[in-house]
Every structure is written in structure tokens, then in C-alpha cells.
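The values are calculated or read from the model by the stated rules, or taken from the named source; none is laboratory data. Just so we're clear, the structure is a prediction, and the values are computed from it rather than from any experiment. When we count neighbours, we look across all protein chains shown, and the Cβ atoms used for this are built from the backbone with ideal geometry, even at glycine. Calculation scope for accessible area: heavy atoms of the full protein, side chains included, ligands and nucleic acids excluded. Shrake-Rupley method; radii C 1.70, N 1.55, O 1.52, S 1.80 Å.
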Amino acid sequence: MKKTILVTGGLGYIGSHTVVELQESNYNVIVVDNLSNSIREVTERITSITGQPVKLYIADINDDLSLSALFKKEVIDGVIHFAAHKAVGESVQNPFKYYRNNIDGMISLQRIMHQFHVRTLVFSSSCTVYGDTGHSPISETHPVTEAISPYGTTKLVCEQILKDLCRYSGFKGVILRYFNPVGAHPSASIGELPLGVPDNLVPFITQTAAGIREKLTVFGNDYNTADGTNIRDYIHVVDLARAHVKSLDYAFRMNQDYEIFNLGTGKGHSVLEVIKTFEQASGMVLPYVIGARRTGDVEQIWADATKAVQLLKWTPQYNLLDMMKTAWKWQLALAESGKNESATENQET
Ligand code: NAD
Ligand code: WQD
């Protein structure tokens, strides 16, 4: 019989791609999302890809009453927990917003799961928990003792709470540490809807190419790397979404309490390489200038993803050119539908 998965934050960037992959695999999906960084129309867009309706509860995971009503009504076998705020800079300005939504939200969700005897949980963590490692590739055994932002703290604390519940309360947890998710579904029906001016490189590039931003500033070219710019492990969001399906399969059959996986391609690319690849993908010349270093940026980091490849039987299919092509196709689709600035423009309250 098909298992039913509750996906928190399932209308967001990574969540929506994961709902597609779950529906295309052997899972029933229920989404809970408060639309704080997404729009309801994403359900129709998912359906246009999979041909299946999306069962949506518009609710906040911090709202115990709504969440327990959902668990009372539905038979849930497992949960993938995406719902969180994710802007590193904002978390420095407003840490309590992050502690409240990300940490309280996780606790609230787990309390209700516990109450309703649901024990399988896949959690969205981040390579930010590694901080500035000074060397790469980084494997899951690298110590994660000090976060480099309040956002990072929320991921570390949530990882720790999940580990506790796995050790002492019968939970089965899979912690996924994403590197840099980019790109969009090849159909260009779903993708990232950045709020306002994007912090992240790829949405900034595509918005610049689309004429929404004047030019890209490369944050420093005096790092100790081949071309002087930072190196990151960019991973296509569809590959990332597929890893969630594999992680669920794994969580349902694993004997141990929890497992941690890095999700990256295992390859590092510099900022200038990303720009060049985008130019190749789009056939455009991207206006950019070299600026100062951005405070808090790590010089270079990429994943040792061999554990995920071996245990989850997962291999990323998309390369950097595919990532740029799909990101650009999505930006063009957004422009066509008049939704190219931000998710909030179309947000329901
Ligand atoms: P996103 O903002 O696109 O999606 C998050 C979704 O959760 C949104 O639809 C939002 O409306 C919803 N949400 C937020 N708080 C909620 C709440 N309290 N109740 C119900 N719904 C809520 O973000 P994303 O890029 O898809 O990221 C998903 C997860 O992956 C997050 O936990 C994020 O921290 C983590 N992550 C993201 C990245 C990245 O670069 N995108 C990297 C590493 C980890
Ligand atoms: C990538 C590279 C910038 C914008 C962040 C979070 C991390 C994770 C992923 C959630 C860096 C450079 C960027 C620009 C630039 N998210 N850049 N000009 O910083 O690796 O990671 O997103 O968990 O926690 O910190 O990603 O896309 O912001 O930057 O030169 O306008 O692009 O300096 O080297 P980052 P990013």
C-alpha cells in the first residue's frame, strides 16, 4: 500500500520539487504550508507536471491546534520537514524570528508527530552547519560545533533535537545537509520565487540577465582559489528532490536511529565559472563587477557525497550547465507570467 507523507513547506522552492518527485514515485502526499514564502498557485503548477492534485492544508506548523487537527484527520506515515525561514543575513538582523519559526516549529511538529505515533522524519539541514572548514571535500563526520549565523544555529539545534528523539523516543530520522541548491524543474512550471532582492548567486544572475537588476557584484576575487573567487558545490534542485524520495525509502527500512547525509555533487565551482556557464546557457553576456568580500563568506566548500551515493543509491544527474539552463528557463517563464519580482506580490493572507 502507498505510504502517505506530510510535506511541511511543500509549496516552497525545494518542497515543491520534492512533492513532484514523491507523486511520481510510490507516495501519497499532503502539504502543509503557511504561504509565508510561497503562493497557493504552486499546487496547480505541480499538478500540471504530475497530473495529480495536491492536498494542501494552509496552516502554520507552530499552530498546535491546526497541526493536530490535520494529524487527526489524515493517516500519516512519515514527514519531510522543509518549513523554515532561510535568509542568513535576515537571521543576523532578527534572530528571534529564526529561533521561533525554525526551532519552535520543529519542536511543535515533533510533539504532534509523537502524540500521533508518527516517527519517521526527514529534515532539511544545510552545509552551513560546517562553518568555515578550511578544507574540502567535507564529509558528514566533520565536527559541527559552532554555527556561523543564527540561521545556522537553528539548523544545528534542530539536528540535535532530532538526534535526541531518535535516541530516546523511537524516532527514525534522516538529516540532509544540502550544499547550494539551484536550477528549476525542466518544465519551468516550478522554481525559486526569491523575496525582493535575492541574496543568492543564481537568482541574482538570472534577474540581472532579465534586466531586473542592473549588474551582479562578485563578492571578492582575492581568495586563495584558482581564479580568486569563492567555490561552492551547486546541486540541481531536481537531484536534491530525488534524494528526498531515496531518503524516505531509506528511513522506512533503516535499523539505526538516525543518519546524516551530505547532498551535493562533490564538485566545486567558482563564482566566475558559474557566470561563464550561465552565459553559455543563455547566450547572453552578463554585466558584472568585482566588489568587496561579503562578510561571513566561506572561501571554498564542497561535499564529500559518497555516503549518499552509496547508502541512498542516489547519483546527481544534472551538471552546472543544466542548472543554469533550467534556472534561466524558469526566469523567462516568470517574466512571461508577470511574476518575476517576488513571491509576496501574489501572496494570500
Ligand atoms: P522556501 O522558503 O522556498 O520554502 C519554505 C516553505 O516553508 C515556504 O513555502 C514557506 O511558506 C513555508 N513555511 C515557512 N515557515 C512555515 C511555517 N511556520 N509553517 C508552515 N509553512 C512554513 O525555502 P527552500 O529553499 O525550499 O528551503 C527549504 C528548507 O531547506 C528550509 O528548511 C531551508 O532552511 C533548507 N535549506 C535551503 C537551502 C537553500 O539554499 N534553498 C539550503 C540548505 C537548506
Ligand atoms: C554563493 C557564492 C557569494 C551573490 C547560502 C547560505 C547557506 C545555504 C545556501 C541555506 C558566494 C557569491 C553571491 C552575489 C556573489 N542556504 N555571490 N554575488 O553563501 O554559499 O550559501 O545559501 O541553508 O546556508 O549561506 O550561497 O548563493 O549566497 O553565494 O558573488 O550577488 O556567490 O560570495 O561565494 P552561500 P550564495
Report task. Only residues that are free of Cβ contacts under 8 Å to residues at least 24 places away in the same chain and either open to solvent by less than 30 Å² (accessible area, probe 1.4 Å) or within 15 Å of ligand 1 (Cβ to nearest atom) (or both): list them for the range 95-125, please. Result -> 96, 97
Query - Any chance residue 281 is outside the structural domain of residue 19 (by the TED database), crowded, with 16+ Cβ neighbours inside 10 Å and of a type in the set (Gly, Ala, Ser) - result: yes
Requested in this report: Name the helices (runs of 4 or more DSSP H) wholly inside the range 149-263 in which the number of residues that are more than 9 Å from ligand 2 (Cβ to nearest atom) and open to solvent by 50 Å² or more (accessible area, probe 1.4 Å) is 3 or more.
Outcome: 150-168, 237-253
Query raised in the report: Within the group 74, 140, 90, which residue is under 20 Å from the mean Cα position of the chain (by Cα), away from ligand 1 (no atom under 13 Å from the Cβ) and of a type in the set (D, E, K, R)?
Result: 140
Report summary line: Those residues of the range 39-73 which are among the acidic types (Asp, Glu) and outside any loop (DSSP other than H, G, I, E, B) amount to 44, 64
**Report entry** When residues of the range 269-296 are limited to those that are in contact (Cβ under 8 Å) with a residue 60 or more places away in the chain and within 16 Å of ligand 1 (Cβ to nearest atom), the one farthest from residue 311 (Cα to Cα)
**Finding:** 294
Query raised in the report: Where residues in the range 69-85 are of a type in the set (A, V, I, L, M) and in contact with a strand residue (DSSP E or B) (Cβ under 8 Å, 6 or more places away or on another chain), which of them is surrounded by the fewest Cβ atoms within 10 Å (Cβ to Cβ)?
Result: 75
**Report entry** the range 289-317: number of residues that are in contact with a strand residue (DSSP E or B) (Cβ under 8 Å, 6 or more places away or on another chain), of a type in the set (Val, Ile, Thr) and not in a loop (DSSP other than H, G, I, E, B)
**Finding:** 2
Report summary line: Taking the range 318-349 and the residues there that are at pLDDT 95 or above and assigned to a loop (DSSP other than H, G, I, E, B), the one that is surrounded by the fewest Cβ atoms within 10 Å (Cβ to Cβ) would be 319
